[in-house]
Amino acid sequence: MGRALHLLLFFASSCALSFTFLVGHHGFGVLALAQNSTTATTVVDVGVILELESLTGKRSLTSISMAVEDFYSVHGDYKTRVVLHIRDSKEGAVEATAAAVDLLKNARVKAIIGPMTSRDAAFVIHLGDRTRVPVLSFSASSPSLSPAHNPFFVRATTNDSSQVAAIAAVVQHFAWRQAVLVYGDSEYGTGIVPFLIDALQEAGTRIPYRGVVPSTASADRIDEELRRLKDMPARVFVVHMLPDLGALFLRRAKDLGMMSNGYVWITTDGITSVIHRPIVVDALRGVIGVRPYINRSKEVINFTARFRWRFQKDYPAVEPADDPSIIQLWAYDTVFAVAMAVEKLGGTTSSAFQRPRSRDGSTELGRLGVSQIGQSLLRAILDTRFRGLAGEFLLLDGQLQSPAYEIVNVNGEGGATTIGFWTPENGITKQLNSANNTGDLDAVVWPGGRTDVVPKGWEIPTGERKLRIAVPVKHGFDQFVKVVKNPRTNQLTNVTGYCIDVFEAVVHLLPYPVVFDYIPVENSSKSYDNLIYQVYLKNFDAVVGDTTIIANRTQFVDFTMPYTESGGSMVVAVEEDKSMNMWIFLEPLTIKLWLGSLAFFVLTAIMVWVIEHRDNEEFAGSPLEQFGTIFYFAFSILVFSHKEKLTSNLTRVPMIICTFVVLILTSSYTASLTSMLTVRQLRPTVTDVSQLLKTGAYIGHQDGSYMIGMLRRMGFEESKLKNYSTSDQYADALSRGSAGGGVDAVFDEIPYVKLFLSQHRGKFTMVGPTYRTDGFGFVFPRGSPLVPDISRAILNVTEGETMATIEKKWFGETNNRTSKSSSSGSSSSSLTFRSFGGLFLITGVVSAMALLVFLARFINKEWDGLKNAARGQSTLGRKMVAMFKHYHNVDESPSPERKGKIAESYLVGSQSPESISNHSQFSSAS
């Protein structure tokens, strides 16, 4: 930029003398203003650089002249007077720079208003920074010009980047998913592009293309770009150009039929601000535009009437004046701001320029001085705030703020109609500053004149070609895709299959017609990745077939929602289980459960014997007989065959619970044993991937499947992988195994696996984990507008009867339940002690409580007898034995039969003198 500036200054030095004139009658006005000034008035020179040959330049000069007259007609008592020095930039950066050099060197201006374009302003701003002269532009809105980087630049207009959020809000409001940017190849056109792209992408809108139109483009060049846009699916176009170029561009679009139904045109404020012109309104019918909101106050209405009269007076040869645009209002307010700032400084404004000592005076730039009041004047301008014609004049960070944007629609009759507003606080609203924020817009007249249907924002250009849909040619599993050709001519005659039927059912549900042709691709079986990559290269518009959705493919294309079950798995052969032996009946229960059950039943029998022994004849007899009764009772519980009658409620309650435990245990045992005797007759030959890796087995996969990469990542060597095409080849390879030249396992996706298993029932099974994928999906280019619509249609197909009908047509009545073995190789596992821990806990607690209650009653009733029995015994052990013998005695008045049995048991079972003595005592007591 510095080298370009010096080059421009070289041209400026040679042209400076030719630009030291004032523009005709405007110069006389300035001189008259100076002559009318009193001696106490301080004259402040201000330069103005405009493109006086353009209509906008002429209109802006009229507005600026009116501003000076209006300001001092109201503030006649001010001590300062702004004197304007007008220069013509002649639509060129060199001329604009030369004009600035002339103003700074010869007129010694304290401020410069202009230039009009961002391109011209870029050079003049650097001169302002060098000389410390504020440069105020009311039309240079490009974000590339930043007051933060150029401290003496004041943007007296809004930054173009401030409107991008309003445009993105409009696009998001109508749910358009993609939009094309079309902008002029200029400083003004390119500056907004990064900000607009960020705003649209944040709103969820993709930018598939950016059209660039040269600033001096001919009609043929514009038509060339428009035809390129017409061939694209996108129908939403955001146009950002200078007014004259934008009007020409949109008129050419109308001539090419692009202002018709289905198209959407959105213009930025540069074009929207001039749509009041009749020649522009006719071309922009249906266009939506955004522009800074201007309140039509009485001051604006009064100025508009005076402006039209004044412009016609200044330029009688020019066509009748239109209403002033917002650019003329900003120009008017800029002059007011400069005049107010000058008055704040008072008499200090007459200070001359000072030439810095450090500069080289051999160049034109070096001979330019530095304004002594530049910094103070800049500060005064930035602090100026007032209510102007364009609204609140408030400079933040060196640029004007726009609190609201107006959204307009060109209806072709009365010009532009306001359909809503946008503010940073409320977003889109029908009314500005309304408490009732509806977030909606008024009715829009779209290109073509329709108001009832919102354009969907894209179309398939069916006029010239149809969608080219690639279909993989498969040599196996043709239930999914089947391509039929004429063997003589090798021409396609028919394309059928499960995937084809699903796609056509989905397309039938779309709310618009989609015309396409199937194109068989022969080499697709080698690699589906290559086929999908052809869509990325735009050789095809889509792929319809058994294409799996995986992560690395989504980097190049977009997939629709999956329409099949997801995942991949391993298929192996099954064989008879020869491991069964004569002890298989023990396997349903683990060793811990066998021992635990036995222990609980024995303890339950002991509990019953303790409680029932003294009163129940069924539990009497010799010690050996009673010991046998206990264990017989324990085992008879298992088969509900115990014949002993229980007389105490303390034993009946635990026995009921114990019976319930036995019922559950025997039922579980029966079920587990039955499973082992039936299912285990067939078992998979391989149960785990690690087993395959350890043995170096051969692995099968389908041609072109993504499973090849997955198998490599698992650690299988390339030499161990074999590819097959049909389900019969799968069956033959698995039946022979690796030893016979086949494979020990086949890895494939679940839809293929389910079809294979349904065709070869009972011979093969699916084992191991399921390797997750997203299933089959249709392939489209990145950002294709068809993807969301087809995905929604897939949901409707899969949730209804249509999908079931298609599956039945191609796969028959398949069993939805997948035959799958567990990784352990056994379909039934042994029951563990923990499985019945709760039941055993309940049984033990109830039995223990019953036993404690019985012992408490017995001790309370027989306490005296227990003390007498223990009296005279020397050790604790002997006392316990004596108490147990006392417990073993029968009741005080048993039946005769009971007496005989008890006496007999004691005579037979007691050998010690003590037992004989106790028995004698018992007999004598009887």
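The values are calculated or read from the model by the stated rules, or taken from the named source; none is laboratory data. Just so you know, these numbers come straight off a predicted model, no measurement behind them. With ideal geometry, Cβ positions are generated from the backbone for all residues, glycine too; neighbour counts draw on all protein chains shown.
Numbers below:
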{"read-out": "Failed item in (1) in a loop (DSSP other than H, G, I, E, B); (2) touching a residue at least 60 places away in the same chain (Cβ under 8 Å); (3) at negative phi, with Arg761 passing the rest", "value": "(2)"}
{"read-out": "Those residues of segment 367-397 which are of a type in the set (A, V, I, L, M, F, W, C) and either out of contact with any strand residue (DSSP E or B) (no Cβ under 7 Å at 6 or more places or on another chain) or in a loop (DSSP other than H, G, I, E, B) (or both), in sequence order", "value": "Leu368, Ile373, Leu378, Ala380, Leu389, Ala390, Leu394, Leu396"}
{"read-out": "For Ser142: the one exception among (1) touching a helix residue (DSSP H, G or I) at 6+ places or on another chain (Cβ under 7 Å); (2) part of a helix (DSSP H, G or I); (3) touching a residue at least 40 places away in the same chain (Cβ under 8 Å); (4) surrounded by fewer than 24 Cβ atoms within 10 Å (Cβ to Cβ)", "value": "(2)"}
{"read-out": "Of residues in segment 795-807 being over 13 Å from Glu565 (Cα atoms) and of a type in the set (Val, Ile, Thr), the one surrounded by the fewest Cβ atoms within 10 Å (Cβ to Cβ)", "value": "Thr805"}
{"read-out": "Looking only at segment 97-128, and only at residues there that are closer than 23 Å to Tyr332 by Cβ and among the hydroxyl-bearing types (Ser, Thr, Tyr), the one that is surrounded by the fewest Cβ atoms within 10 Å (Cβ to Cβ)", "value": "Ser118"}
{"read-out": "Selection within segment 80-105 - assigned to a helix (DSSP H, G or I) and small (Gly, Ala, Ser)", "value": "Ala93, Ala96, Ala98, Ala99, Ala100"}
{"read-out": "Residues being buried (at least 21 other Cβ atoms within 10 Å of the Cβ) and not in a helix (DSSP H, G or I) - total across segment 515-548", "value": "9"}
{"read-out": "In segment 703-735, residue surrounded by the fewest Cβ atoms within 10 Å (Cβ to Cβ) [restricted to those that are hydroxyl-bearing (Ser, Thr, Tyr) and assigned to a helix (DSSP H, G or I)]", "value": "Ser719"}
{"read-out": "Looking only at segment 437-459, and only at residues there that are hydrophobic (A, V, I, L, M, F, W, C) and either touching a Pro at 6+ places or on another chain (Cβ under 7 Å) or under 10 Å from Asn411 (Cα atoms) (or both), the one that is surrounded by the most Cβ atoms within 10 Å (Cβ to Cβ)", "value": "Trp446"}
{"read-out": "Which numbered condition Arg227 fails, given (1) surrounded by 16 or more Cβ atoms within 10 Å (Cβ to Cβ); (2) over 31 Å from the mean Cα position of the chain (by Cα); (3) of a type outside the set (Val, Ile, Thr); (4) over 30 Å from Pro115 (Cβ atoms)", "value": "(1)"}
{"read-out": "Every pair of residues 6+ apart whose Cβ atoms lie under 8 Å, when the first sits in segment 733-750 and is free of Cβ contacts under 8 Å to residues at least 40 places away in the same chain and within 10 Å of Ile699 (Cα to Cα) while the second is of a type in the set (D, E, K, R) and surrounded by fewer than 23 Cβ atoms within 10 Å (Cβ to Cβ)", "value": "Ala733/Lys722"}
{"read-out": "Tally of residues being within 25 Å of Thr590 (Cα to Cα) and modelled with pLDDT under 75 across segment 631-667", "value": "11"}
{"read-out": "Ser566, sole failed condition from (1) modelled with pLDDT of 75 or more; (2) farther than 30 Å from Pro785 by Cβ; (3) out of contact with any helix residue (DSSP H, G or I) (no Cβ under 6 Å at 6 or more places or on another chain)", "value": "(2)"}
{"read-out": "Checklist (1) of a type in the set (Ser, Thr, Tyr); (2) touching a helix residue (DSSP H, G or I) at 6+ places or on another chain (Cβ under 8 Å); (3) outside the structural domain of Tyr263 (by TED's automatic domain parsing) applied to Tyr183, failing item", "value": "(3)"}
{"read-out": "Residue within segment 203-223 that is touching a residue at least 40 places away in the same chain (Cβ under 8 Å), surrounded by 16 or more Cβ atoms within 10 Å (Cβ to Cβ) and in a helix (DSSP H, G or I) present", "value": "no"}
{"read-out": "Check on Ala317, more than 30 Å from Trp422 (Cα to Cα) and of a type in the set (A, V, I, L, M, F, W, C)", "value": "yes"}
{"read-out": "Of all residues making up segment 52-96, the number that are among the β-branched types (Val, Ile, Thr), closer than 18 Å to Gln328 by Cβ and surrounded by fewer than 18 Cβ atoms within 10 Å (Cβ to Cβ)", "value": "0"}
{"read-out": "Any hit, segment 555-566, residues being among the aliphatic types (A, V, I, L, M) and in a strand (DSSP E or B)", "value": "yes"}
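Residue-by-condition table, conditions (1) among the charged types (D, E, K, R); (2) within 30 Å of Ala111 (Cα to Cα); (3) outside the structural domain of Asp45 (by TED's automatic domain parsing); (4) modelled with pLDDT of 90 or more:
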residue	(1), (2), (3), (4)
Arg379	yes, yes, no, yes
Thr384	no, yes, no, yes
Leu389	no, yes, no, yes
Val410	no, no, yes, no
Ala416	no, no, yes, no
Phe421	no, no, yes, yes
Asn436	no, no, yes, no
